[in-house]
1. Once you list every other residue whose beta carbon is under 9 Å from the beta carbon of PHE97, what net charge do they have if Lys and Arg are +1 and Asp and Glu are -1?
2. The range 41-75 to the range 118-133: how many Å between their Cα centroids?
3. Hey, got the dipole for the chain? About the Cα centre, +1 on K and R Cβ, -1 on D and E Cβ, debye to the nearest 20?
4. Give a residue-ordered list of calculated ³J(HN,Hα) values for the range 291-299 (Karplus: 6.51 cos²θ - 1.76 cosθ + 1.60, θ = phi - 60°; whole Hz; x for Gly, Pro).
5. Would you mind checking the tilt of helix 190-199 against the longest principal axis of the Cα atoms of the chain, expressed as 0 to 90 degrees and rounded to 10?
6. Could you sort 145-152, 8-15 so that the peptide with the highest average Cβ count within 10 Å comes first and the rest follow in order?
7. I want to check the label-to-label distance for ALA26 and GLU114. Put each point 7 Å from Cα in the C-beta direction and report it in nm to one decimal.
8. Antiparallel as a % of all DSSP beta bridges within the chain, to the nearest 5?
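The values are calculated or read from the model by the stated rules, or taken from the named source; none is laboratory data. Nothing here was measured: the structure is a model prediction, and the numbers come from that model. Positions of Cβ are backbone-derived with ideal geometry, glycine not excepted, and every protein chain shown enters the neighbour counts. Side chains are part of the model used for accessible areas, which takes the heavy atoms of the whole protein and leaves out ligands, DNA and RNA. Shrake-Rupley method; radii C 1.70, N 1.55, O 1.52, S 1.80 Å.
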Amino acid sequence: MLRVLVTGGCGFIGSNLVRHLLAHYANVSVVNLDLLTYAGNMASLRDIWEDPRHQFIRGDITDRDLVRRIFAEGIDTVFHLAAETHVDRSIFDATPFVRTNVLGTQVLLDAAREFGVRRFLHVSTDEVYGSLGPTGAFTETTPLAPNSPYAASKAAADLLVRSYVHTFDLPAIITRCSNNYGPYQFPEKFIPLSITHLLEDRPVPLYGDGLQVRDWLHVQDHCAALVRIWEFGKPGEVYNIGGRCEKTNLEVAQFLCRELGKPTSLIRFVADRPGHDRRYAMDISKLERELGWRPTIPFEEGLRQTIRWYQEHQDWVHQVRSGEYQRFYDWQYRDRLATGRSAAAPVETPSA
Ligand code: NAD
Ligand code: TYD
């Protein structure tokens, strides 16, 4: 049995990955280390909670003693996903981002070095590359130019991983993926927020002019890419992962309104996110060429499936919408929505 450590296994991508690993690899057992912050949810793994190949440990990746104890029992591979992940929260307070994303990664790298692992997959993001103009795409050699505190903390972690490969020969690989969507995504992120709001006839807040572009990938395609890279990727390499699916936020919001039979007047333009990146797009030719992976779930089909999932899992949504989430929500949106105008009104020409 291969013991695989997944950090952040109760989060959005982590829970999908744990499920994917258990379903596709009979010889794998998963140690799931998760602090259960506001973003972690044990209910996301309810169906596999009793699986003897899944061991959950509630703990902090910055807890060096705990992490050392876990590695001392033998870990074959690390899928490192635990992170603070929401850009808006990083603008509100960057401290937990630096602590978890940078210090936490260093603690894991030290343990991996001390006890030895066969692979260390560091799951990073396209946001480390910064923002693109209207054309072109990020390649693995695009210089890092993070713009948000979230992206800066992920870029710092990437550089630490790179340094451990170079200095200590750690068999680590960095993956950088574009925006994910799919089941179990916390409803503060754009797509689940829009779906859950529309289901309740509440407004969808669209930042700025809504013409920012994101490259969307279904989370199951991301998980398939991660295991492909785990099996066949070269240590020390960086692999971009993306959906070849660029959409403006307005296009996504309009599609969701159409699919849910809701009026587009529910789309409200609100104050823009400070430092908002205009466009992300990934060049994924390296992963396609070298490892034969490609995205398989067409965006519209994946979105319809995701809408259905949120419709059928209202209990999950209600459960996560509590406590800290609500307090953050108030800070984030109350004032914006108070001044927001409807998308039914003419769209102003963006000033920049
Ligand atoms: P998420 O916010 O849904 O989940 C993060 C998980 O990490 C939560 O379960 C949380 O409890 C856990 N966690 C946070 N701090 C921790 C700590 N100190 N110790 C242990 N656990 C802790 O995030 P996600 O969207 O699933 O993203 C997972 C990873 O993928 C992140 O590293 C993120 O940067 C990266 N990524 C995400 C996307 C995306 O679109 N969601 C795209 C590219 C890369
Ligand atoms: P998000 O899901 O926060 O992911 P990221 O910032 O990591 O790309 O946001 C996706 C896009 O949607 C981004 O351009 C910001 C925008 N957005 C809105 O317009 N309204 C919202 O309420 C949210 C949460 C995001």
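1. Computed value for this residue: +1.
2. With the range 41-75 and the range 118-133 each reduced to a Cα centre, they are spaced 24 Å.
3. Roughly 100 debye for the chain.
4. Each residue of the range 291-299 in turn: 10, x, 8, 8, x, 10, 9, x, 4 Hz.
5. Approximately 50 degrees, to the nearest ten.
6. The packing order, highest mean first, is 8-15, 145-152.
7. With each label placed 7 Å out from Cα toward Cβ, I get 3.7 nm.
8. Antiparallel bridges: around 10 percent, rounded to the nearest 5.
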